[in-house]
């Protein structure tokens, strides 16, 4: 009977298999896979690529960094993000934190959220080197704008869109950063951040286990009127910063909750000849799919645009983080947005 392999031998064999898969994929004349355009319900989808997971690295406690390789990848600017289609089909958004000039790879990072909806755990536990992932984007709704000065507030994994901004600004610009986290060990890219801020007192690091919660009143008290202010992190941090600096630019990867609460309303599907009631505790998407189960959707958070539908009548309460003002004039993302009026009419 053959002797069982030890843990180290099994791990080594798995690594060799992943490397062999990577060499075979890259040697294929089909690598990288061409961009895909997938129209859904008459709406254009973001460009999609098949990229190789070339790196899966722990960069802080509970934080994994992915390096996704391809060829002639679309360029991006600081603040941009990608949609990753995970092996289960879940779609999640991650800020690009690598080098915008690198057209051979994209770099993203994600923190494991123990009580989350499963996306971060899947990245940590089911995505490995040698796999291929579908990627959509890049898209940028958090761009770095020209300004005499820049002020950044980042909480934990919220540092990812800010890091490329700091690199782009460099030593010649006036900027400062408040970087908060539970512990220093849990704060990704901390060493590089501190190097970028050397010699000017630009970077303030607040680890809660050392100093408690950050003094936002003190940190945000003397912001110049013409400074551009950015914040990314937990919702509580962004809300606190927005309360003190209403002009702040925010980056969210979870749907905004309405402070006004929800109420029921009707939705007419004009082409289908059906009228639905959307309860206060449900969504347009859920009501529509109960009647039209083939209605496409993906992230269900108002980020990817898969469920975008044309609005023929009614006033929309837009709660997405994707559509432009021009797009909102006649369309909505039915996964999160609701009605301000008693009735909406959709071109479905």
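Listed by position, the strands (runs of 3 or more DSSP E) contained in the range 56-173 that have at least 2 residues being modelled with pLDDT under 95 and within 19 Å of the chain's Cα centre (by Cα) are 81-85, 91-95, 132-139. For the range 292-325, a residue qualifies if it is over 22 Å from the mean Cα position of the chain (by Cα) and outside any strand (DSSP E or B), and the qualifying residues are 292, 293, 294, 295, 314, 315. Scanning the range 53-101 for residues that are touching a helix residue (DSSP H, G or I) at 6+ places or on another chain (Cβ under 6 Å) and crowded, with 22+ Cβ neighbours inside 10 Å yields 92, 97.
Annotation: of all residues in the range 286-330 being touching a helix residue (DSSP H, G or I) at 6+ places or on another chain (Cβ under 6 Å) and modelled with pLDDT of 85 or more, the one that is farthest from residue 347 (Cα to Cα) is 318.
For the range 116-136, the criterion of a residue being without any contact (Cβ under 8 Å) to a residue 12 or more places away in the chain, outside the structural domain of residue 232 (by TED's automatic domain parsing), closer than 17 Å to residue 234 by Cα and touching a helix residue (DSSP H, G or I) at 6+ places or on another chain (Cβ under 7 Å) is satisfied by no position. Within the range 277-288, the set of residues being more than 28 Å from residue 140 (Cα to Cα) and in contact (Cβ under 8 Å) with a residue 24 or more places away in the chain comprises 278, 288.
Identification of strands (runs of 3 or more DSSP E) wholly contained in the range 221-279 with 2 or more residues that are farther than 25 Å from residue 308 by Cβ and at pLDDT 95 or above yields 227-232.
Taken over the range 289-307, the criterion of being touching a residue at least 12 places away in the same chain (Cβ under 8 Å) and over 21 Å from residue 117 (Cβ atoms) is satisfied by 290, 291, 292. Quick check on the range 193-208. Is at least one of its residues touching a helix residue (DSSP H, G or I) at 6+ places or on another chain (Cβ under 6 Å) and either part of a loop (DSSP other than H, G, I, E, B) or at positive phi (or both)? No, the range 193-208 has no match at all.
From the set of residues in the range 263-275 that are surrounded by fewer than 20 Cβ atoms within 10 Å (Cβ to Cβ) and in contact (Cβ under 8 Å) with a residue 12 or more places away in the chain, which is nearest to residue 342 (Cα to Cα)?
Here is the first cut: in the range 263-275, the ones surrounded by fewer than 20 Cβ atoms within 10 Å (Cβ to Cβ) are 263-264, 266, 268, 270-275.
From what's left, in contact (Cβ under 8 Å) with a residue 12 or more places away in the chain: 263-264, 266, 268, 270-272, 274.
Details: 263: 9, 264: 8, 266: 6, 268: 11, 270: 16, 271: 20, 272: 20, 274: 16 Å.
Taking the candidates together, the pick is 266.
Entry remark, the range 161-192: residues being in contact with a helix residue (DSSP H, G or I) (Cβ under 6 Å, 6 or more places away or on another chain) and under 20 Å from residue 226 (Cβ atoms) number 3 in total.
The values are calculated or read from the model by the stated rules, or taken from the named source; none is laboratory data. From a predicted model like this one, the values you see are computed outputs, not experimental measurements. Here the Cβ is made from the backbone with ideal geometry for all residues, glycine too, and neighbour counts use every protein chain on show.
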